[in-house]
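Throughout, read-outs are computed from the coordinates displayed, never taken from laboratory work. All of these numbers come straight from a predicted model, not from anything done at the bench. Virtual Cβ from ideal backbone geometry, glycine too; neighbours counted across all protein chains shown.
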């Protein structure tokens, strides 16, 4: 039975849909929505806006080939002006899906890329991105962040003017850093300076700069080792896990995520990128893809294994995506970005009535490290667990082994 007959019982509605300008593609699009995980109830809501769009196209003599984002925006504005009731939640997303679907099927023209503001700048940025990806092996998230900072640096200094890397000078760099410092926190400044150094060294490496301008950038103050890592104690981690209602699909998913963070000390991005193929059930192992595409294999403990089984077998939405953790609401796809993982942690902390100084996913990474340290693990073993490249990064945890430090401390002499 065609999809429309499963959704609608009214033959006139089905006939209207099939005879409309978009009628030829409705059934196929409905199947696409079904693959994304929408229920029958949601189907009706989503297809209603397509029906209205089809009527509007016919009324305004707009052919299918002329349908583009500009026309869609006109249609949305018209519906919004008529009444808020005409523009339902999800309508914009549905229309966006429909346009993408028509483009993929080559029914309407592909988007014509916008002409870059400054082609020379765009070319050097693309070259740098390729280097970060292919030579340095950085993650997509890190590359996007680096691109954003370099884009800002180049366009703020050169804009639409003719650009060559040789126009970058020491005074220009220092002035940009001073202005950046006025608007941003110290941590952002440190990140920007590190990225700018990387970019300038890249320009020297490819022969576009003869002077090592990276050396002219002053060192930024770093107080990384000044503070103790924030972590939860055992009673607090128990409270946190109890906030997950494992009778629900979201509860099972969040419980598994929290366990991975607090037992194995995974980064938010590592949890996000975990796929079904990374779980070796026979050997009881997890293959983790960390920073710089560095892989490590971690043991799949009994409690984590049970939590993952409970979620994957009984709560994970059926979809084609290989990511372990999927959005519970349609469209069913992998969780969007690492901030989604931190949001899950933050909500659980609030529900548990806990108010640590740090509320994101990294709090549980610190918790895993301190728990492992308290059980007698060496710094090298903790570094292996966390995927640290340098033992210096792991050394901060020596400061929180208070019991060991107390043994080393000499009592203050009393006269």
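Below is a table of values for the structure above.
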read-out	value
Largest-first ellipsoid semi-axes for the chain, taking √(5λ) over the Cα gyration tensor eigenvalues, angstrom	46, 35, 19
Estimated [θ] at 222 nm from DSSP helical runs (n ≥ 4, -39500 (n - 2.57)) normalised by residues in the chain, nearest 500	-17500 deg cm²/dmol
Packing rank of 340-346, 155-161, where each peptide gets the mean count of other beta carbons within 10 Å, highest leading	340-346, 155-161
Whole-angstrom Cα spans of segment 182-294 along principal axes, big to small	62, 35, 23
Rg/Rh ratio calculated on Cα atoms of segment 13-73 (Kirkwood radius)	0.98
Inter-probe distance in nm under a simple model that places probes 7 Å from Cα toward Cβ, at residue 10 and residue 164	6.9
Per-selection Rg to Rh, segment 132-190 - Cα, Kirkwood hydrodynamic radius	1.01
Directionally averaged shadow of segment 277-352, computed from the convex hull of its alpha-carbon atoms, nm²	6.4
Calculated diffusion of segment 136-236, Stokes-Einstein form, Kirkwood radius summed over Cα pairs, 37 °C and 0.692 mPa s, µm²/s	211
For segment 168-215: Kirkwood Rh in Å [reciprocal of mean 1/r, alpha carbons]	11.3
Separation between Cα centres of segment 1-78 and segment 344-379, rounded to whole Å	48
Between 0 and 90°, nearest 10: helix 69-82 axis offset from the chain longest Cα axis	80
Radius, Kirkwood style, for segment 84-212 when every pair of distinct Cα atoms is counted (Å)	17.5
